[in-house]
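Reading through the structure tokens given below for one structure.
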Amino acid sequence: MKVARAARRVRPSKWLRPNLTITKSHTGNFVRPQTGATYTITVNNAGTVDTTALITMNDSLPAGLTATTISGLNWNCTLSPLQCTRGDVLFAGTSFEPITLTVNVASNAASSVTNTATVSGGDETNTSNNTASDVTQIDAVLLNVRADSEPDVGRKEIPLQPCST
């Protein structure tokens, strides 16, 4: 009888589950307008048990950003809805290969936007850490005007006129 109790104690409890987490990042500021700006999204299993079910990553782009491509090694991704899935095992304490989301920035995009991604599935029960948000600064394009002391051959010179008020 004591053997049966001991065997019951080693059964996985509700606390021994996968624990999916997600991170989202980008490098530098985006510029408006811009094509080919990228985000990197990584899905992790911070739990002590491997996943056993389909895992889904969803992304919610803010106004002013338009997705052009989304992909990741061994992920099945779609632009509409903006989503990636995979059904293989995510081992405890490891991460899947990152997902790259490429976006275009509209000329009227806000100066700061927040892009949010969520992860679900994997037979996990702790959903409190399944969302990642990335605040992205979007700068206006700056035009550099250079005044040369010597005009280039073949360049038409246009005199500058003062602004009237």
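Test of understanding: ordering 139, 59 by Cβ neighbours within 10 Å, fewest first, what list do you get?
139, 59
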Once you list every other residue whose beta carbon is under 15 Å from the beta carbon of residue 89, what net charge do they have if Lys and Arg are +1 and Asp and Glu are -1?
-> -3
Between residue 71 and residue 23, with labels modelled 7 Å along Cα→Cβ, what's the label distance in nm to one decimal, could you check?
-> 2.4 nm
Distance in nm between label sites at residue 46 and residue 106, each 7 Å beyond Cα in the beta-carbon direction?
-> 3.4 nm
Cβ-Cβ cut-off under 11 Å around residue 47, Lys and Arg +1, Asp and Glu -1: the net charge is -2
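Each reported figure results from applying straightforward, stated rules to the coordinates on display, with no laboratory input. The shown structure was predicted, so the numbers you read here are calculated from the model rather than taken from an experiment. As a convention, Cβ positions derive from the backbone with ideal geometry for all residues, glycine included, and neighbour counts pool all protein chains shown.
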